[in-house]
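Enquirer: Sending over a structure as structure tokens; questions will come in a sec.
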Amino acid sequence: MTAISPAREAPVLVLEDWEVRIGKGAWVADWPRYDLGMRMVLLLHELPDGSAHFDWMIQRPQAGRGLITFRVSARIDLLEQGSFRAQRLADHREVYLSVEGPVSGGRGTVTRLAQGEATLVQEGDGTLNVAGLLGVAGQWRGQSDKEGWVFRFMGRSTPRNANP
């Protein structure tokens with residue numbers, strides 16, 4: 001699928017065998033198999049006991065199936081490269097893509113720190129690969145192990161044709 005490109009040159013993200021052009025307010029993609037249109041968010045969840053963590057939520061392509069949700073200890077929207085550990089949580093309701101404030105049942109407060117667009121490249125038994133934009137553009141590749149999940153982030157936040 002090829003979408004209409006914005007008038008000015010857009011940053012380009014190259015991930016394996018496909019390419020994404022990120023234009024202001026729009027995605028332009030040459031992807032043989034994938035289509036963006038899903039959302040993802042990073043929430044700060046402050047608990048009543050004073051502790052806090054981050055919740056990373058990824059929308060599935062089929063509406064109403066819940067958000068793939070991980071608890072992470074770092075601001076993954078600020079990563080340029082590297083890996084991080086995550087704990088898989090139960091799927092959350094899609095309302096969390098846009099909600100902020102108190103969580104029902106006295107479970108604390110959530111604040112949206114980052115939001116972006118995504119595509120679910122692969123969701124399998126013990127693997128999850130997501131591409132998109134959450135702070136920086138890139139791909140998150142996750143693998144479960146006996147201690148939870150490990151994600152490796154491979155990002156590209158500068159245009160392919162930019163001069164270093």
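Enquirer: I need the phi-derived Karplus couplings for the stretch 100-106: 6.51 cos²θ - 1.76 cosθ + 1.60, θ = phi - 60°, integer Hz, Gly and Pro marked x.
Expert: 9, x, x, 8, 4, x, x
Enquirer: Okay, next question. Using amide H atoms built 1.01 Å from N in the peptide plane, name the residues 5+ places from ALA114, or on other chains, whose amide H lies under 5 Å from its own.
Expert: LEU42
Enquirer: Follow-up. Taking neighbour Cβ counts within 10 Å as the exposure measure, how do SER83, SER98 sort from fewest upward?
Expert: SER98, SER83
Enquirer: Something else: What is the set of long-range amide H partners of VAL121 at a cut-off below 5 Å, with H atoms built 1.01 Å from backbone N?
Expert: Placed amide hydrogens put ASN129, VAL130, ALA131 under 5 Å from VAL121.
Here, each number is a calculation from the coordinates, and none is a lab measurement. Not measured: the values here are computed from a predicted model. Quick reminder, even Gly has a Cβ in these numbers, built from the backbone with ideal geometry, and neighbours come from all protein chains shown.
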